[in-house]
Amino acid sequence: MTSYDAIVLGAGAAGMMCAAVAGQRGRRVVLLDHADAVGKKILISGGGRCNFTNIHTAPDRFLSANPHFAKSALARYTPADFIALVERHGIAYHEKTLGQLFCDGSAKQIVAMLLEEVAKAGVDVRTGQPINDVTHADGRFTVRFGDQYFTAPALVIATGGPSIPKMGATGFAYDLARQFGLKVVEPRPALVPLTLGGDDVLFRDLSGVATPVEARAGKAAFREAALFTHKGLSGPAILQISSYWRHGEPVTIDFLPGAPQGWLLEAKRARPRATLASVLALPDRLAQTLADRLALAGELGAQTDRKLADAEARLSRWPFHPNGTEGFAKAEVTVGGISTANLSSQTMVAKSMPGLYAVGEAVDVTGWLGGYNFQWAWASGYAAGQAL
Ligand SMILES: Cc1cc2nc3c(=O)[nH]c(=O)nc-3n(C[C@H](O)[C@H](O)[C@H](O)COP(=O)(O)OP(=O)(O)OC[C@H]3O[C@@H](n4cnc5c(N)ncnc54)[C@H](O)[C@@H]3O)c2cc1C
């Protein structure tokens, strides 16, 4: 039985940050992971270049049953703090788009940086064994990791969410939370492609076609690219809206965001001999499919104004009825998780269980696409690391 000040379960983004911060504050920390190597999701993130933060980070870019919960941690560890760390390690980076910062080189640099921080802090890192048992008695947690036992007065759940199980992701965080009496907000796959069935199936023929759109579900709207796939819809606009979409609801697409009202009547006046497909500023196959579905073959000059006004309205609010998502196997993150109602927003400690903490994706806080999820992992890991 080896004794520590804190045991951190999960050597991903949040767990490594938390362990490094606590260790640098003089705490004796052990960091345990069942995978054979640390930070596997970091390595595959951002197409191998890790979109490690977003300079436009703000609480309204996160989903949670309590939209205020993330505010405190995000304010105390900001993108500027992580950028300063990246710069101290001499890692070159660039802004790709919309405030998204990526490594110029490789995501491996971020993992190497975190490992260096963890080593500098004297953290004991152990990998490649299952966590068999976690118990709590007399104010101490005991973890059986393979054949070894570790004990500490503090335990941090940093084992992430169930998205991409083939990377070693599990729902372990939720089981552990429930074991200690914490509630779990129903987990759903998020930042995930949507699948189409029924009447929408015809759009699958457009597989590979991409175009800028505005995608909407409920009150949420994202203006980015959408991509038709052989299963349905993907691309950044769709991944973003998937986090807000609920089964049974439509996703509406504006195929011509920014087009002025009345543009189609104007096109009829300016180019009466043109067809609808030819005036749509969209990829040819998509323009033709939409024109066919609107039953608007022939010249614009031959169409009534009413019919064209209806077509314009439909093109700006085209309803799709997804029959599902591609699931946790393809989801970048998980919406839902350990309920924030049970946690302190200052320290991430469980209100009903002193010494128990939860950080990162395991918690019911989910960011938009574009570096927000790592920023939450760093910020929540830092908040707990400061409190341990
Ligand atoms: C393909 C892909 C690309 C992504 N790209 C980006 C991006 O560019 N930018 C961004 O901000 N976000 C991105 N994300 C999301 C981001 O990776 C996660 O939000 C982030 O890794 C969450 O950090 P975490 O530390 O909470 O969990 P993780 O990083 O998932 O770490 C959890 C750790 O716990 C371990 N673990 C799990 N179960 C157990 C268990 N039962 N026992 C022991 N250990 C366990 C795992 O092995 C893992 O090391 C991407 C996700 C995916 C899947």
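Numbers at a glance
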| read-out | value |
| --- | --- |
| Residues (surrounded by 21 or more Cβ atoms within 10 Å (Cβ to Cβ) and over 22 Å from residue 298 (Cβ atoms)) located in region 236-279 | 236, 237, 238, 239, 240, 241, 242, 243, 245, 251, 253 |
| Failed criterion for residue 297 (all others in (1) small (Gly, Ala, Ser); (2) open to solvent by 10 Å² or more (accessible area, probe 1.4 Å); (3) touching an Asp or Glu at 6+ places or on another chain (Cβ under 7 Å); (4) closer than 30 Å to residue 196 by Cβ hold) | (3) |
| Residues located in region 59-84, provided they are in contact with a helix residue (DSSP H, G or I) (Cβ under 8 Å, 6 or more places away or on another chain), among the hydrophobic types (A, V, I, L, M, F, W, C) and surrounded by fewer than 20 Cβ atoms within 10 Å (Cβ to Cβ) | 65 |
| Helices (runs of 4 or more DSSP H) wholly inside region 271-388 that include at least 2 residues being among the polar types (S, T, N, Q) | 284-293, 372-387 |
| Pair list, Cβ < 6 Å and 6+ apart or interchain, from region 11-40 residues that are free of Cβ contacts under 8 Å to residues at least 24 places away in the same chain to residues that are within 7 Å of the ligand (Cβ to nearest atom) and among the hydroxyl-bearing types (Ser, Thr, Tyr) | none |
| Per-region count, region 163-192, residues modelled with pLDDT of 95 or more, outside any loop (DSSP other than H, G, I, E, B) and more than 8 Å from the ligand (Cβ to nearest atom) | 13 |
| Residue within region 108-121 that is part of a strand (DSSP E or B), modelled with pLDDT of 95 or more, closer than 19 Å to residue 16 by Cβ and open to solvent by less than 60 Å² (accessible area, probe 1.4 Å) present | no |
| Within region 41-57, tally of residues that are within 6 Å of the ligand (Cβ to nearest atom), open to solvent by less than 30 Å² (accessible area, probe 1.4 Å) and either touching a Ser or Thr at 6+ places or on another chain (Cβ under 9 Å) or free of Cβ contacts under 8 Å to residues at least 24 places away in the same chain (or both) | 2 |
| Qualifying positions in region 244-264 - among the hydrophobic types (A, V, I, L, M, F, W, C) and outside any strand (DSSP E or B) | 245, 255, 256, 259, 263, 264 |
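The values are calculated or read from the model by the stated rules, or taken from the named source; none is laboratory data. Just so we're clear, the structure is a prediction, and the values are computed from it rather than from any experiment. Because the Cβ atoms are built from the backbone with ideal geometry, glycine has one as well, and the counts that use them run over all protein chains shown. Keep in mind that these areas ignore ligands, DNA and RNA; they rest on the heavy atoms of the full protein, side chains included. Shrake-Rupley method; radii C 1.70, N 1.55, O 1.52, S 1.80 Å.
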